[in-house]
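Report on the following structure.
The values are calculated or read from the model by the stated rules, or taken from the named source; none is laboratory data. The shown structure was predicted, so the numbers you read here are calculated from the model rather than taken from an experiment. Note that we place each Cβ from the backbone using ideal geometry, even for glycine, and neighbour counts take in every protein chain shown.
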Amino acid sequence: MSRGIKALIRIPAKVVFVGGLFVLSACGHLGPQKNLYQALGGAKGVDAIVYELIVRIADDERVVDRFHNVDISRFKAGLETYICSVANGPCDYTGDSMQVVHAGHQYTDTEFNTIVQLLIEAMEAEGVPTVTQNRLLARLAPDYEAIVYQ
Ligand code: HEM
């Protein structure tokens, strides 16, 4: 191989190397991406979001009747653990499946949307950034099938 051709081959390698350094320094600048649980504010953040959600459920005539005979402190603990678990926090939700928990009540999609709306308001009240709100909602959205009566 002639020297000229070798030099040509080496140039892209240098460019890639320099480019790699740029990427590395950019990553160093942003820091490691927080997992969802951390982005929600950890245990304190999740606790506050669930509290704000319950306050809103209690004040919303569209859904409050659904919670009349519910042990709210148990519901609060269960929902916190569930959110912690789906957000990759250090919790393991061992309660009944969403299907079993919500079975027999014929919850409607309108009620589902109301709970989602109240959850968004709760996250807003806690100053959770929209991008983080959407990350949590995306993980809860698949539960629609299990919760809503089809
Ligand atoms: C994003 C949608 C929803 C999620 C992620 C969700 C999640 C949960 C979780 C984790 C629990 C606690 C289970 C436990 O005790 O460990 C629960 C309980 C409950 N949920 Fe939902 N839920 C949703 C929507 C709804 C809707 C639309 C309704 C009705 C309007 C509803 C009514 C209830 C009730 C009444 C309980 C208490 C059950 C009991 O303790 O007997 N949920 N939910």
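Quick notes on this structure:
- Residue 77 falls short on exactly one of the conditions (1) small (Gly, Ala, Ser); (2) buried (at least 17 other Cβ atoms within 10 Å of the Cβ); (3) over 19 Å from residue 144 (Cα atoms), and that condition is (2).
- When residues of the range 58-73 are limited to those that are touching a residue at least 40 places away in the same chain (Cβ under 8 Å) and out of contact with any helix residue (DSSP H, G or I) (no Cβ under 6 Å at 6 or more places or on another chain), the one nearest to the ligand (Cβ to nearest atom): 66
Results for (1) crowded, with 18+ Cβ neighbours inside 10 Å; (2) outside any helix (DSSP H, G or I); (3) touching a strand residue (DSSP E or B) at 6+ places or on another chain (Cβ under 8 Å), shown as yes or no for each residue.
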position: 37; (1), (2), (3): yes, no, no
position: 49; (1), (2), (3): yes, no, no
position: 57; (1), (2), (3): yes, no, no
position: 83; (1), (2), (3): yes, no, no
position: 93; (1), (2), (3): no, yes, no
position: 106; (1), (2), (3): no, yes, no
position: 123; (1), (2), (3): yes, no, no
position: 145; (1), (2), (3): no, no, no
position: 150; (1), (2), (3): no, yes, no
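- A Cβ distance below 6 Å, combined with a sequence gap of six or more or placement on separate chains, defines the contacts here; from the range 123-150, residues that are in contact (Cβ under 8 Å) with a residue 60 or more places away in the chain reach residues that are part of a helix (DSSP H, G or I) and within 13 Å of the ligand (Cβ to nearest atom) in the pairs 123/49; 123/133; 126/49; 139/86.
- Extreme residue, farthest from the chain's Cα centre (by Cα), among residues of the range 129-143 that are within 11 Å of the ligand (Cβ to nearest atom) and buried (at least 16 other Cβ atoms within 10 Å of the Cβ): 143
- Residues of the range 74-113 classified as more than 6 Å from the ligand (Cβ to nearest atom) and more than 19 Å from the chain's Cα centre (by Cα), total: 10
- Candidates 47, 71, 60, 65 - the one that is of a type in the set (D, E, K, R), within 15 Å of the chain's Cα centre (by Cα) and at pLDDT 95 or above: 47
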